[in-house]
Amino acid sequence: MRDAIEKLRFAVRELPPILTAISDGVASQPQGPGRWAKKEVIGHLIDSASNNHQRFVRGQLANRQEFPGYAQEDWVRVQQYRSVPWVELIELWRVYNAHLIRVAEAMSDEARLMTCRVAGETEAEVTLAALFEDYVAHLEHHLVAMLGRWPTGTP
Ligand code: NI
């Protein structure tokens, strides 16, 4: 979990300037036929942050809970992320993830080993530590797909 926290800390620091260098207009355009615009990708990552935030906190209050999944395409469609100012999406993603770093750091060793299930996503029970690691891996997956690489410095 330590590595995942450091990876997220790195992304929170490095990603916003890389995204800010992309114009609002470019970020609003689909990245290909039937593909999300960059605004929608970041919107989806905000949805991931908000859903996982609930799991990271609620999961510490009682063991072996089952949490709902979320229909990601529907969430992106309903919230109309393409019409949201790009800079606001970037800032929302940044501050939400800065908070998730604090949540993760505040998690005790015992809490990290508490388990839960996520409907439609995890068949078996997973620890909160594994859920956090999956959260960061999912972020990395989308950033690599959108930017062609993990954000390591220069755009
Ligand atoms: Ni995703």
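The values are calculated or read from the model by the stated rules, or taken from the named source; none is laboratory data. If you're wondering where the values come from, they're calculated on a predicted model, not measured in any experiment. With ideal geometry, Cβ positions are generated from the backbone for all residues, glycine too; neighbour counts draw on all protein chains shown. Heads up: the accessible areas ignore ligands, DNA and RNA and are worked out on the full protein's heavy atoms, side chains in. Shrake-Rupley method; radii C 1.70, N 1.55, O 1.52, S 1.80 Å.
Quick check, is Ala137 open to solvent by 50 Å² or more (accessible area, probe 1.4 Å) and either closer than 23 Å to Arg2 by Cβ or touching a His at 6+ places or on another chain (Cβ under 9 Å) (or both)? Judged against the criteria, Ala137 is a match.
The helices (runs of 4 or more DSSP H) found wholly in segment 55-155 and carrying at least 1 residues that are away from the ligand (no atom under 16 Å from the Cβ), within 26 Å of Glu14 (Cβ to Cβ) and not basic (Lys, Arg) occupy 86-106, 128-147.
Total residues in segment 4-40 satisfying the condition of being open to solvent by 30 Å² or more (accessible area, probe 1.4 Å), free of Cβ contacts under 8 Å to residues at least 12 places away in the same chain and either part of a loop (DSSP other than H, G, I, E, B) or among the acidic types (Asp, Glu) (or both): the figure is 5. The set of residues from segment 13-48 being basic (Lys, Arg), within 16 Å of the ligand (Cβ to nearest atom) and farther than 16 Å from Val84 by Cβ comprises just one member, Arg35.
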